[in-house]
1. Mind listing the phi-derived Karplus ³J(HN,Hα) values for the range A:91-101, rounded to whole Hz, using 6.51, -1.76 and 1.60 with θ = phi - 60°, and x for any glycine or proline?
2. Step through the residues of the range A:19-35 one at a time and calculate ³J(HN,Hα) from phi using the Karplus curve (6.51 cos²θ - 1.76 cosθ + 1.60, θ = phi - 60°), rounding each to whole Hz and writing x for Gly and Pro.
3. Provide a list, ordered by number, of residues in the range A:29-61 showing at least 10 Å² less accessible area with every protein chain present than when their chain is taken on its own, using a 1.4 Å probe.
4. How shielded is B:32-43 by partner chains, expressed as the average number of their Cβ atoms within 10 Å of its Cβ atoms?
5. Would you look at the GNM of chain A, springs on alpha carbons closer than 10 Å, and say which of A:PRO39, A:PRO67, A:PRO99 moves the most?
6. Over 27 Å between Cα atoms, which of B:LYS36/B:LYS56; B:LYS17/B:LYS51; B:LYS17/B:LYS56; A:LYS7/B:LYS64; B:LYS17/B:LYS68; B:LYS17/B:LYS99 qualify?
7. Which whole number gives the average, over all residues in B:100-106, of C-beta atoms from other chains lying within 10 Å of the residue C-beta?
8. Only Lys, Arg, Asp and Glu count, each charged at its Cβ (+1, +1, -1, -1), so figure out the dipole size of the protein assembly as shown about its Cα centre, rounded to 20 debye.
Amino acid sequence: SAVISQKPSRDICQRGTSLTIQCQVDSQVTMMFWYRQQPGQSLTLIATANQGSEATYESGFVIDKFPISRPNLTFSTLTVSNMSPEDSSIYLCSAQTNPYGYTFGSGTRLTVV
Amino acid sequence: SQELEQSPQSLIVQEGKNLTINCTSSKTLYGLYWYKQKYGEGLIFLMMLQKGGEEKSHEKITAKLDEKKQQSSLHITASQPSHAGIYLCGVKGQGGSEKLVFGKGTKLTVNP
């Protein structure tokens, strides 16, 4: 099965700054997904990222706050912009590795101070 | 939109005990995923159930899909501390969407 390397694993950032999270998949995948997991909560989908097209954002998430890049079939980045303490969460990327298979990265634990 | 309700929200068991986690859907289930998450880490795929009545097992974990009840259960036999974590059920979004939608999770603690 596919393996996703997600970086950084954790970071502590100052409010007002931005952080870019990277996910590298060891095989080509069409669809990648970015999730947020707030403390004690389940996963909430931020956006779906397909190579060669704009990311599709879920309700409540906007491109200015969470810009996403998908330059090729093995890589994607999520930027959390102009951070506030409310952005403190775990951010996870996922890839659809076959029609019924989804692999997840190990997550990025973000703390905004 | 389809919603998944998991019960219980949290569970504390003694090592060696059996336990069951349930996932109930607000709509018909056409397939369901079970994942495990170690605290603060990524998700580990456990099983995917596609058909009503389907049952799958991996080591000491068994999952079943009851289509009529719009429910899936995850059963762990003779629990071990290594089973501790958050168990999440998920389904594909409606209307042919490929995204996964998750329940709120069940936090399992296994005391030695």
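The values are calculated or read from the model by the stated rules, or taken from the named source; none is laboratory data. As the structure is a computational prediction, the values presented were derived from the model and not from experiment. We place every Cβ from the backbone using ideal geometry, glycine too, and count neighbours over all the protein chains shown. Ligands, DNA and RNA are stripped out before the accessible areas are found, and what is left, the full protein with its side chains, is counted by its heavy atoms. Shrake-Rupley method; radii C 1.70, N 1.55, O 1.52, S 1.80 Å.
1. My calculation for the range A:91-101 gives 10, 10, 9, 9, 10, 7, 8, 7, x, 10, x Hz in order.
2. Here the 3J(HN,Hα) series is 10, 10, 9, 10, 10, 10, 9, 7, 8, 6, 9, 7, 10, 10, 9, 10, 10 Hz.
3. Buried on complex formation: A:MET31, A:PHE33, A:TYR35, A:GLN37, A:GLN41, A:SER42, A:LEU43, A:LEU45, A:GLU58.
4. Details: counts 0, 3, 0, 3, 0, 7, 2, 1, 8, 8, 13, 11.
The per-residue average across the peptide is 5.
5. Among A:PRO39, A:PRO67, A:PRO99, the largest GNM mean-square fluctuation belongs to A:PRO99.
6. With Cα atoms farther than 27 Å apart: B:LYS17/B:LYS51; A:LYS7/B:LYS64; B:LYS17/B:LYS68; B:LYS17/B:LYS99.
7. Per residue, the number of nearby Cβ atoms from other chains is 4 on average.
8. Values: 21 positive and 17 negative charges, 58 e Å.
Around 280 debye, computed over the protein assembly as shown.
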